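K.L.:
The structure follows.
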Amino acid sequence: MQIRQPVHSEHARTLDTEGLRRHFLVEELFRPDEITLTYSQIDRIIVGGVMPVAAPVSFAPELGRHTGTDFFLERRELGLINIGGAARVQVDEQQFDVGQHEALYIGKGARRVEFRSVDAARPAKLYFNCAPAHTAYPHRKVTLAEASPETLGAPETSNRRTIYKFLVPDVLPTCQLLMGMTRLEPGSLWNTMPCHTHDRRMEVYFYFDMNENAAVFHMLGEPTQTRHLVVRNEQAVISPSWSIHSGVGTQAYTFIWGMVGENQVFKDMDHVPMSALR
């Protein structure tokens, strides 16, 4: 497990490209038959990916030493969204079949979690966010149709997109984790612009559905001290609560967003006027 310490906004102003990438970019999330984990001390979120191919993959017992618990999810909840082939997930005595662009919520206290691909020739790619939890809510699969879709934006502003809210209070109960997926339509390039911050929650963006020659220029930093990261396919950006989180791509793309913090009010945002950006 890779550990990332918090970065103060004044420190972030001094970072060069290498420093920004080291602190905020998660470059590799999927390795065959492995689980990748990046532990950010910003609200204690863990960001990771699971790609079972030849054999089932499980959380190792020793992961509990990173969380000070007997097993990994003893005091944590987890949400995953599948961006690959069909997956089969065993959570203690329950089994879930999770197709492409479907989500699974795993509540606090799950001791045995095992991931496998239905077809090794088309392996599952399970992107997940994991957060501290105080209550055990039921495990549940959420389909794309159940994910409270909302279409926003316009071709004229290059931001026509559909937001799928998988893990939100209107769909199912969680302790603090919110997750969803935003899909841009062909010809649309901008996400989350005009931009915002939310001092009460941090957020992680995971970009995918991009070819090898495509990139997203992800905007971060304080509104008056903006910086950017060049992000490739299947990479994620950790965004502190003081930072904007927006981006523009060289082509349309899809991204998964996950939030952890004080509340679960999706529209609790501190909007930034375009005139204030620097």
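K.L.:
Once you've got the GNM for the chain with C-alpha springs shorter than 10 Å, pick whichever of Asn263, Asn233, Asn159 has the biggest mean-square fluctuation.
P.N.:
Its mean-square fluctuation being the largest, the pick is Asn263.
K.L.:
Taking H placed 1.01 Å from N in the peptide plane, check which residues at least 5 places from Gln225 or on another chain put their amide H under 5 Å from its amide H.
P.N.:
Arg278
K.L.:
If each of Tyr137 and Glu114 carries a label point 7 Å out from its Cα toward its Cβ, how far apart are those two points in nm?
P.N.:
That separation, rounded to one decimal, is 2.8 nm.
K.L.:
Long-range amide H contacts for Arg76: which residues qualify at under 5 Å (H placed 1.01 Å from N, peptide plane, sequence gap of 5 or more or a different chain)?
P.N.:
Result for Arg76 returns Gly109, Ala133.
K.L.:
Separate question: Whole-Hz Karplus ³J(HN,Hα) for segment 171-177, in order, using 6.51 cos²θ - 1.76 cosθ + 1.60 and θ = phi - 60°, x for Gly and Pro?
P.N.:
In residue order, the calculated couplings are 9, 7, x, 9, 6, 8, 6 Hz.
K.L.:
A further question follows. Separation between the Asp33 and Phe96 pseudo-spin-labels, each 7 Å from Cα along Cα→Cβ, expressed in nm?
P.N.:
Modelled inter-label distance: 2.6 nm.
K.L.:
If you plug each phi of segment 186-200 into the Karplus form 6.51 cos²θ - 1.76 cosθ + 1.60 with θ = phi - 60°, what whole-Hz ³J(HN,Hα) values come out, in order, with x for Gly and Pro?
P.N.:
Values, residue by residue: x, x, 9, 10, 9, 10, 6, 9, x, 8, 8, 10, 8, 4, 9 Hz.
K.L.:
Follow-up. Per-residue HN-Hα couplings for segment 3-16, Karplus 6.51 cos²θ - 1.76 cosθ + 1.60 at θ = phi - 60°, whole Hz, x for Gly and Pro?
P.N.:
Whole-Hz 3J(HN,Hα) from phi for segment 3-16: 9, 10, 7, x, 10, 6, 4, 5, 5, 4, 4, 8, 7, 8.
Values quoted throughout were computed directly from the atomic coordinates according to the rules given, and no laboratory measurement underlies them. Computed from a predicted structure; not experimentally measured. Counting neighbours? That spans all protein chains shown, and the Cβs are built from the backbone with ideal geometry, glycine included.
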